[in-house]
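What follows is a set of notes on a single structure, which appears directly below.
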């Protein structure tokens with residue numbers, strides 16, 4: 001038993017000596033000579049010098065680019081100032097013009113968001129917006145590409161609004177047995193006023209040839225809003241007065257144009273027109 005213990009101790013010592021010798025050999029292997037050290041140090045020093053040179057060159061390039069950018073910016077400002085001079089304005093003028101266009105675009109957007117019926121009632125605002133845009137287009141600043149793009153966008157939205165807006169607003173009424181124009185006009189759901197029967201007659205002249213003769217199942221248009229090319233005759237109106245209205249023709253002498261356009265409703269006597277008659281106003 002003691003012999004085995006001694007043998008184990010001897011084996012352990014031998015193993016330890018072997019491991020120690022192996023580690024020493026490995027450390028010796030990792031050591032480098034002085035020449036190798038100097039060579040590696042020189043390589044590192046060369047790399048450091050090259051990196052420094054590259055950094056100096058980079059800094060020089062950066063400074064050069066900064067100079068080129070500053071020169072380009074100065075040239076850009078010079079060209080822009082020349083453009084402003086040709087437009088007979090300054091930067092503040094351009095900014096104000098842009099703001100005016102943006103305000104107008106916002107106004108048109110608001111109109112475009114309305115229902116067709118609401119838009120019809122505000123058609124004068126749409127017309128005013130279009131006139132304002134045409135006025136702005138006469139400004140030299142409008143020639144700038146940025147402004148041209150905004151103007152084109154507004155024109156497109158105005159066209160959309162025009163297409164969305166109905167030509168007229170009216171309800172429909174189905175004629176029943178026993179109806180006549182006076183009776184229909186007096187109904188609360190129509191005009192609640194029998195005297196306005198002429199409005200129904202003149203607004204439906206394409207299907208009512210004789211105001212005393214209407215038929216069951218006829219569908220009559222009941223005008224609710226006066227359209228852009230229409231005029232609702234009021235008490236005291238006469239053709240010259242209507243023609244002279246700035247919102248109609250703006251020229252009393254043009255009354256004959258209105259008469260000829262509405263001769264089938266007015267009749268042979270141009271001096272006799274009835275209140276609540278819907279007249280069609282010629283465009284030219």
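The values are calculated or read from the model by the stated rules, or taken from the named source; none is laboratory data. What you see is a predicted model, and the numbers here were worked out from it, not measured in a lab. So basically every Cβ, Gly included, is an ideal-geometry build from the backbone, and we count neighbours across all protein chains shown.
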Checking the conditions here, which among 88, 105 is in contact (Cβ under 8 Å) with a residue 12 or more places away in the chain and not in a helix (DSSP H, G or I)? 88
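Let's see how each residue does on (1) in a helix (DSSP H, G or I); (2) in the same structural domain as residue 130 (by TED's automatic domain parsing); (3) closer than 30 Å to residue 148 by Cβ; (4) in contact (Cβ under 8 Å) with a residue 12 or more places away in the chain:
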{"position": "40", "(1), (2), (3), (4)": "yes, no, no, no"}
{"position": "64", "(1), (2), (3), (4)": "yes, no, no, no"}
{"position": "67", "(1), (2), (3), (4)": "yes, no, no, no"}
{"position": "75", "(1), (2), (3), (4)": "yes, no, yes, no"}
{"position": "110", "(1), (2), (3), (4)": "yes, yes, yes, no"}
Taking the conditions exactly as written (in a loop (DSSP other than H, G, I, E, B) and loosely packed, with under 15 Cβ neighbours inside 10 Å), does residue 189 satisfy them or not? yes
Return yes when residue 146 is in a loop (DSSP other than H, G, I, E, B) and either modelled with pLDDT under 95 or assigned by TED's automatic domain parsing to the domain that holds residue 118 (or both) and no when it is not. no
Considering the stretch 208-226 alone, what residues qualify as being over 19 Å from residue 274 (Cβ atoms), part of a loop (DSSP other than H, G, I, E, B) and touching a strand residue (DSSP E or B) at 6+ places or on another chain (Cβ under 8 Å)? 217, 218
Of those in the stretch 199-209 that are surrounded by fewer than 21 Cβ atoms within 10 Å (Cβ to Cβ) and over 15 Å from residue 175 (Cα atoms), the residue farthest from the chain's Cα centre (by Cα) is 209
So residue 268 ticks every box in (1) at pLDDT below 95; (2) part of a loop (DSSP other than H, G, I, E, B); (3) closer than 27 Å to residue 123 by Cα but one. Which box is left unticked? (3)
Looking at 195, 242, 266, can you tell me which residue is within 39 Å of the chain's Cα centre (by Cα) and either surrounded by 14 or more Cβ atoms within 10 Å (Cβ to Cβ) or in the same structural domain as residue 182 (by TED's automatic domain parsing) (or both)? 242
Name the single residue, out of those in the stretch 245-263 being part of a loop (DSSP other than H, G, I, E, B) and touching a strand residue (DSSP E or B) at 6+ places or on another chain (Cβ under 9 Å), that is surrounded by the most Cβ atoms within 10 Å (Cβ to Cβ). 262
Does residue 145 qualify as being more than 25 Å from residue 113 (Cβ to Cβ) and exposed (fewer than 12 other Cβ atoms within 10 Å of the Cβ)? yes
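This table checks each residue for (1) under 16 Å from the mean Cα position of the chain (by Cα); (2) under 30 Å from residue 215 (Cα atoms); (3) at pLDDT 95 or above; (4) assigned to a helix (DSSP H, G or I).
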{"site": "120", "(1), (2), (3), (4)": "no, no, no, yes"}
{"site": "128", "(1), (2), (3), (4)": "no, no, yes, yes"}
{"site": "131", "(1), (2), (3), (4)": "no, no, yes, yes"}
{"site": "155", "(1), (2), (3), (4)": "yes, no, yes, yes"}
{"site": "160", "(1), (2), (3), (4)": "yes, no, yes, yes"}
{"site": "176", "(1), (2), (3), (4)": "no, yes, yes, no"}
Test of understanding: among 228, 252, which residue is farther than 20 Å from residue 197 by Cα, assigned by TED's automatic domain parsing to the domain that holds residue 198 and touching a residue at least 40 places away in the same chain (Cβ under 8 Å)? 228
